[in-house]
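Here is the structure we will look at.
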Amino acid sequence: MNSRFEVGVATMALAGLALFALSAAGNPHAGLQGWLAAAVAWAAVSLGCLIVTLMRVLVGKGVEGGYGPALGAASWAVWLVGLAFIPVLLGLAVLFPWATVPPEGNFQKLWLQSGFFIGRNVGYFLLWTVIAGLVPASGSRPLAVVGVIIVGVTGSMAALDWMISLQPHFHSSIYGMLFLSHAALVGWSFAAAATLFSGRPVAPQIAAGYIIAGVALWAYLSFCQYLVVWNGNQPDEIRWYLLREHHGWGALFWAASLLEGVVPLLFLMPGRVRASRAGVAAIALILVLGGMVEMAVFVLPSFGGDTRSGLSALSAAVGLGGLWLAMFGRRFRKLTATAAETGHA
């Protein structure tokens, strides 16, 4: 992570935020929708790295050496994503139908209240930030166990709040686990790409193996949800998929599936590719891109057929991504230096 990287991410942030401001000025509602999609996409990267980091602590790895510094740095940047959700919380009435029309059912009326929604979302990011700062540094396995439970529960709840509640009549008991599997996959892929491109002495086969396992889990859960909805044949649930087949969203849906699932599996099968640092890093970046597209497809079609929100989402993802990468780069350098000093590089 050198000065050219810092200049690049700063340029990325300024250009993305400027384009987002222009697009949002023309259509504030579409702009806020795009911002939500971008915030969810980057939240998934940080949350996924936090999940993998906690699992590493459980097996005695922590954030030292190997892929640890990248995972720790990306986990730590979750606080920035929390700040990015402030516009979302301020714009509840624009984004979420239940904020203006009370939902049916006693539980939904209780759960989907604006004050309660804001309070628990603030709580999510506070908990994740504390866990990301405390558990990896201490290396405590008991704390890691507690952290895994908290992140698993709150991460599932966040998925329901950010995406499912955009269509309150859609129900999926597997949705939270699907989001967590997606987050762990894209988080690990980002950390693997950053580590391999940085030149740290790590084995690319390790990254490739985890990517293949992560893709298999994500694909299995995705198919399970589709199968349950198909067999249930309930109009409110089928509509979730139908909205993602029209107005160009279908093409993005399949593009995300190819980039996040098919392409990594096909290209990582040959042993020579798994042994190639550049090859594994490139596939990992493609997977992260596919994950970003998937989050856009999960969020934006819920608002209808207006594709202008997609342009806002793209510029917001670039702008927010530039800021996120700047924070990541600083923390990555610090953790890398610490690992070198302690002999774990």
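Place +1 on the Cβ of every Lys and Arg and -1 on the Cβ of every Asp and Glu in the chain, take the dipole about the Cα centre, and give the residue among 173, 238, 78 whose Cα lies farthest towards its positive end.
78
Output wanted: per-residue J couplings in Hz (rounded whole) for the range 18-34, from phi through Karplus 6.51 cos²θ - 1.76 cosθ + 1.60, θ = phi - 60°, x for Gly and Pro.
Each residue of the range 18-34 in turn: 5, 5, 5, 4, 5, 5, 5, 5, x, 8, x, 5, 5, x, 5, 4, x Hz.
How do 87-93, 208-214, 319-325 rank on mean C-beta neighbours within 10 Å, highest first?
The peptides rank, most packed first, as 319-325, 208-214, 87-93.
May I ask you to order 167-173, 180-186 by the average number of other C-beta atoms within 10 Å around their residues, highest value first? Could the numbers behind the result be given before it?
On the way: 167-173: 16.4, 180-186: 25.7.
Descending packing order for the listed peptides: 180-186, 167-173.
For residue 253, what is the net charge nearby, where nearby means another residue's Cβ is under 12 Å from its Cβ and Lys, Arg count +1, Asp, Glu -1?
Every neighbour counted, the sum reads -2.
Can you give the net charge of the other residues whose Cβ lies under 13 Å from the Cβ of residue 165, counting K and R as +1 and D and E as -1?
Summing Lys/Arg as +1 and Asp/Glu as -1 gives +1.
Measuring from the lowest to the highest alpha carbon on each principal axis, how far does the chain reach, largest first, in angstroms?
If we take the Cα atoms of the chain, the spans are 58, 43, 39 Å.
Could you compute the net charge surrounding residue 44? Neighbours are other residues with a C-beta less than 15 Å from the C-beta of residue 44; K and R count +1, D and E count -1.
Overall, the nearby charge balance is -3.
Efficiency by 1/(1 + (r/R0)^6): what FRET value for residue 282 and residue 58, r their Cβ-Cβ distance, R0 = 22 Å, to the nearest 0.05?
0.15
About the Cα centre, and with charges only on the beta carbon of Lys, Arg (+1) and Asp, Glu (-1), how big is the dipole of the range 3-341? Nearest 20 debye, please.
Dipole size: approximately 920 debye.
Using alpha carbon coordinates only, what is the Rg to Rh ratio of the range 193-345, with Rh defined as the Kirkwood radius?
Computed over Cα atoms, the ratio is 1.05.
In the range 226-261, which GluC sites (Glu not before Pro) are in a loop and have at most 13 other Cβ atoms within 10 Å, using DSSP for the loop call?
245
For residue 205 and residue 242, calculate 0.36 nm times their separation in residues minus their Cα-Cα distance, and state this gained length in nm to one decimal.
Here the segment from residue 205 to residue 242 would lengthen by 9.4 nm.
Suppose only helical runs count, i.e. DSSP H with n ≥ 4. What mean residue ellipticity at 222 nm does that imply for the chain under -39500 (n - 2.57) per run, divided by all residues and rounded to the nearest 500 deg cm²/dmol? The partial results should precede the final answer.
Numbers: 17 runs with 270 residues, N = 345.
Using -39500 (n - 2.57) per qualifying helix, the result is -26000 deg cm²/dmol.
Could you give the distance between the Cα centres of the range 33-90 and the range 127-142, to the whole Å?
13
Can you tell me the length gained on complete extension of the stretch residue 169 to residue 289, counting 0.36 nm per residue apart and subtracting the Cα distance?
Going from the current span to full extension adds 40.3 nm.
Would you kindly state how much longer the chain becomes between residue 223 and residue 267 on full extension, computed as 0.36 nm times their sequence separation minus their alpha carbon distance, in nm to one decimal? Mind dumping the intermediate values first?
Numbers: separation 44, 0.36 × 44 = 15.84 nm, distance 2.14 nm.
My answer for the length gained is 13.7 nm.
For a quick size check, give me the Cα extents of the range 1-153 along its three principal axes, largest first, whole Å.
That works out to 49, 47, 15 Å along the principal axes.
Just so you know, all these numbers are worked out from the coordinates, no wet-lab data involved. Remember, it's a predicted structure, so these values are computed and weren't measured experimentally. Because the Cβ atoms are built from the backbone with ideal geometry, glycine has one as well, and the counts that use them run over all protein chains shown.
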